[in-house]
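Just so you know, all these numbers are worked out from the coordinates, no wet-lab data involved. Everything quoted here is computed from the prediction, not taken from an experiment. Cβ placement follows ideal geometry from the backbone for every residue including glycine, while neighbour counts extend to all protein chains displayed.
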Amino acid sequence: MPTWHPIATVEECPPGEAREFLVEDRIVALFQVDGRFYALDGICPHQGGPLGRGNLCGGVVTCPWHGWQFDVASGRHQANLALQQAGFPVKIEGQNIFVAVTE
């Protein structure tokens, strides 16, 4: 069973924007796209850039440091489909957003 961690409220992650949160000892990037919430490991695998501070365009986040792009729903890198950014399950209860962070 996953352990669910409250990370934000719905209003703290507006549509079309990225946010960064600390969950346990992990940085989690949270995104809202078309009313759905997605969570990825917040550290870009390229050089450690903050994905939660990146630009979200549609369902793709661009790392602000060097422009690496990931689909927020699947975690797939947009130029190299062999690269996969870790994603985490998200659930909404009322106005609260929960994430299950796994190793």
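Miscellaneous remarks
- For the pair His66 and Ala100, label points projected 7 Å from Cα toward Cβ lie 3.3 nm apart.
- Leu81 versus Asn55: modelled label distance in nm, points set 7 Å from Cα along the beta carbon direction: 2.5
- Between Trp4 and Glu93, residue separation times 0.36 nm minus the direct Cα-Cα distance comes to 30.9 nm.
- Extension gain from Ser74 to His46, taking 0.36 nm per residue of separation minus the Cα-Cα distance: 8.3 nm
- Debye intensity ratio in log₁₀ form over the Cα atoms of the chain, taken at each q of 0.15 Å⁻¹: -0.52
- Taking packing as the residue-averaged number of other Cβ atoms within 10 angstrom, the listed peptides 29-37, 84-92 run from highest to lowest as 29-37, 84-92.
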